[in-house]
Amino acid sequence: MKKITFIKTGVLGLSALALHRKASALYYYPNESDKKWAVLCGTWCGSSRDALVWIPEGMDGIANVFDVRKNPNLTGYDHIFVGTSIRGGQTTELFQEYMKYNQVRLMGKVRSLFVVCGNRIHPPGPEQKTALIDKYLAQLCGVSGVPLKLFLGRITYGLLDPDSLKMMQGMNMPEYDNLKREECMAFGKEILESV
Ligand SMILES: Cc1cc2nc3c(=O)[nH]c(=O)nc-3n(C[C@H](O)[C@H](O)[C@H](O)COP(=O)(O)O)c2cc1C
């Protein structure tokens, strides 16, 4: 092989490898299943996003993961988990918008609702579940009679916008991390087995 051809082939090979690595890093491939599962969430700083990824881990990777910021079309899915983080007792504006326009499309497919909240670092009780899920998220999503879960989340000062940071520090709220991967995985498994 001529020297120039050898160099060209090498460069093309390396580019293809780089592209492949990039694609692998960007895509999450679920395992095959006869049922189409999806997990959808609304988040500010990412704790619900982690729940969104860990719930399908408990289902051996058969659920696809979606963030409402991407305005996903979930019409091809049969079973959907819906969850959101909470600030000031509410979810993100985008989540509220998404539900307003997609509630009818998701009707009959939502198998479970979950909330990620701080609860001022206290263990949550039935009253938090009632306030944040039964009386809020379930109504926003137009869903009733499905299993509900409340996860404790986290606060990372470096991820907060200046106003939120000021508010948290004004409340003497320290940084914390109470979201547990094993709890999220157990929830995914529980719902999968119940359907
Ligand atoms: C500005 C602000 C307001 C919050 N308001 C509430 C609240 O009303 N109730 C609650 O239980 N937790 C509240 N939290 C805690 C969040 O729900 C918790 O940090 C959650 O993990 C954030 O989720 P995210 O990382 O997905 O955005 C608040 C946190 C911040 C920063």
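Go through region 12-58 and count every residue that is at pLDDT below 90, of a type outside the set (A, V, I, L, M, F, W, C) and either part of a helix (DSSP H, G or I) or within 16 Å of the ligand (Cβ to nearest atom) (or both).
6
Of the residues that sit in region 87-114 and are part of a loop (DSSP other than H, G, I, E, B) and of a type outside the set (Ser, Thr, Tyr), which one is surrounded by the most Cβ atoms within 10 Å (Cβ to Cβ)? Let's see the steps before the verdict.
Step one: list which residues in region 87-114 are part of a loop (DSSP other than H, G, I, E, B), which gives 88-89, 91-92, 107-109.
Adding the requirement that they be of a type outside the set (Ser, Thr, Tyr) leaves 88-89, 107-109.
Values: Gly88: 7, Gly89: 10, Met107: 11, Gly108: 10, Lys109: 16.
Once the filter is applied, the top-ranked residue is Lys109.
Take the residues in region 133-162 that are among the β-branched types (Val, Ile, Thr) and within 9 Å of the ligand (Cβ to nearest atom); name whichever of them is nearest to Pro123 (Cα to Cα). Break it down stepwise before answering.
Start the filter on region 133-162 by keeping residues that are among the β-branched types (Val, Ile, Thr), which leaves 133, 143, 146, 155-156.
Remaining after also requiring within 9 Å of the ligand (Cβ to nearest atom): 155-156.
Numbers: Ile155: 16, Thr156: 19 Å.
Top of the filtered list is Ile155.
Out of (1) over 22 Å from Glu97 (Cβ atoms); (2) at pLDDT 95 or above; (3) not acidic (Asp, Glu), the odd one out for Gly125 is which?
Condition (2) is where Gly125 drops out.
Does Ala63 fit the bill of being surrounded by fewer than 19 Cβ atoms within 10 Å (Cβ to Cβ), aliphatic (A, V, I, L, M) and either in the same structural domain as Ser47 (by TED's automatic domain parsing) or closer than 25 Å to Ile155 by Cα (or both)? Please lay out each step first, then the result.
On the way: surrounded by fewer than 19 Cβ atoms within 10 Å (Cβ to Cβ): no; aliphatic (A, V, I, L, M): yes; either in the same structural domain as Ser47 (by TED's automatic domain parsing) or closer than 25 Å to Ile155 by Cα (or both): yes.
For Ala63, the condition - surrounded by fewer than 19 Cβ atoms within 10 Å (Cβ to Cβ), aliphatic (A, V, I, L, M) and either in the same structural domain as Ser47 (by TED's automatic domain parsing) or closer than 25 Å to Ile155 by Cα (or both) - is not met.
Any idea how many residues of region 163-189 are within 11 Å of the ligand (Cβ to nearest atom) and either at pLDDT below 95 or surrounded by fewer than 17 Cβ atoms within 10 Å (Cβ to Cβ) (or both)?
Residues of region 163-189 that are within 11 Å of the ligand (Cβ to nearest atom), as a first pass: 163-171, 173, 175-179.
Next, from what is left, pick out any that are either at pLDDT below 95 or surrounded by fewer than 17 Cβ atoms within 10 Å (Cβ to Cβ) (or both): 163-171, 173, 175-177.
Summing the residues that are within 11 Å of the ligand (Cβ to nearest atom) and either at pLDDT below 95 or surrounded by fewer than 17 Cβ atoms within 10 Å (Cβ to Cβ) (or both) in region 163-189 gives 13.
The values are calculated or read from the model by the stated rules, or taken from the named source; none is laboratory data. Treat the numbers as computed from the prediction; the structure is a model and nothing was measured. Note: ideal-geometry Cβ built from the backbone for every residue, glycine included; neighbour counts use all protein chains shown.
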